[in-house]
1. Could you give the distance between the Cα centres of region 64-89 and region 152-187, to the whole Å?
2. Would you calculate the separation in nanometres between label points at Asp21 and Thr45, each defined as 7 Å from the Cα along the Cα-to-beta-carbon direction?
3. For labels at Thr160 and Ala122 in the simple 7 Å Cα→Cβ model, what's the distance in nm?
4. Could you order peptides 179-185, 85-91 by the average number of other Cβ atoms within 10 Å of their residues, highest first?
5. Going by average Cβ neighbours within 10 Å, how do the peptides 101-110, 212-221 rank, with the highest at the top?
6. Can you flag which of Lys132/Lys164; Lys132/Lys228; Lys23/Lys113; Lys125/Lys231 are past 22 Å Cα-Cα?
7. Return the long-range amide H neighbours of Ile62 (sequence gap of 5 or more, or a different chain), with a cut-off of under 5 Å between placed amide H atoms.
8. Accessible area of region 43-102 with a 1.4 Å probe: how many percent of it is carbon plus sulfur?
Amino acid sequence: MKLHSRMEADIVSEKILIVDDEKEIADLVGLYLENENFAVFKFYTAADALDCIEREELDLAILDVMLPDMSGLLICRKIRERHTYPVIMLTAKGEETDKITGLTLGADDYITKPFLPLELVARVKAQLRRYKRYNVGAESEKNIIIVSGLVLDIRAHTCTLNEKKLVLTPTEFSILRILCQNRGNVVSAEELFHQIWGEEYFSKSNNTITVHIRHLREKMGDSFENPKYIKTVWGCGYKIEG
């Protein structure tokens, strides 16, 4: 028994932030995540959540868009000023604008209320797997990718463009990595979605990829009309040449 206790003490649980003013939802999500051995930091206001963000080294944040004291979108923006861990937004049914805004501000995924807690848990696990994989690196992957002035360090999870550092979210980094690894070849939105989220692709998923591509282009100083790096092949997908 003592050995078992020591082993449990050595296990470091990922720290998950939950912010939702609907107490029942926050409590339920927190319970499901705790049952999966995550360390949960649960708050019902933005102010308390921001204090937690400052003092804790978090691994993922779940943010409700509508909060009484500050929009979850603004919290997402504040997180992205200093951190790259995944952010999942909770949005009301039909609020497509909130979804697009959240992705533009750096959110990695969104889920619409009402939702099944197990679905959210699955999304959390998928985001953490991807984030940890690209921060730690994988032996089977090439650690450094260089394409047309772009330098991606898979192990360090860093990216520079013409020696200027780009601050990318995990999802943005993943999209850029996949396109660079397939340089010269078209990668469909469906394939990007599947590789990143590992889920079934639906027509609405195309909008998710489009928003992330647009945000990437903005950070790279690229244009939509005449892109130098990420090119759209209409009806097929995206590609990077070099």
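The values are calculated or read from the model by the stated rules, or taken from the named source; none is laboratory data. Model, not experiment: these values are computed from the prediction. Using ideal geometry, Cβ is built from the backbone for each residue, glycine included, and neighbour counts are taken over all protein chains shown. Side chains are part of the model used for accessible areas, which takes the heavy atoms of the whole protein and leaves out ligands, DNA and RNA. Shrake-Rupley method; radii C 1.70, N 1.55, O 1.52, S 1.80 Å.
1. 23
2. Those two pseudo-labels are separated by 1.1 nm.
3. Inter-label distance under the simple model: 4.1 nm.
4. Packing proxy ranking, top to bottom: 85-91, 179-185.
5. 101-110, 212-221
6. Lys132/Lys164; Lys132/Lys228; Lys125/Lys231
7. Leu17, Ile18, Val19, Ile88
8. 50
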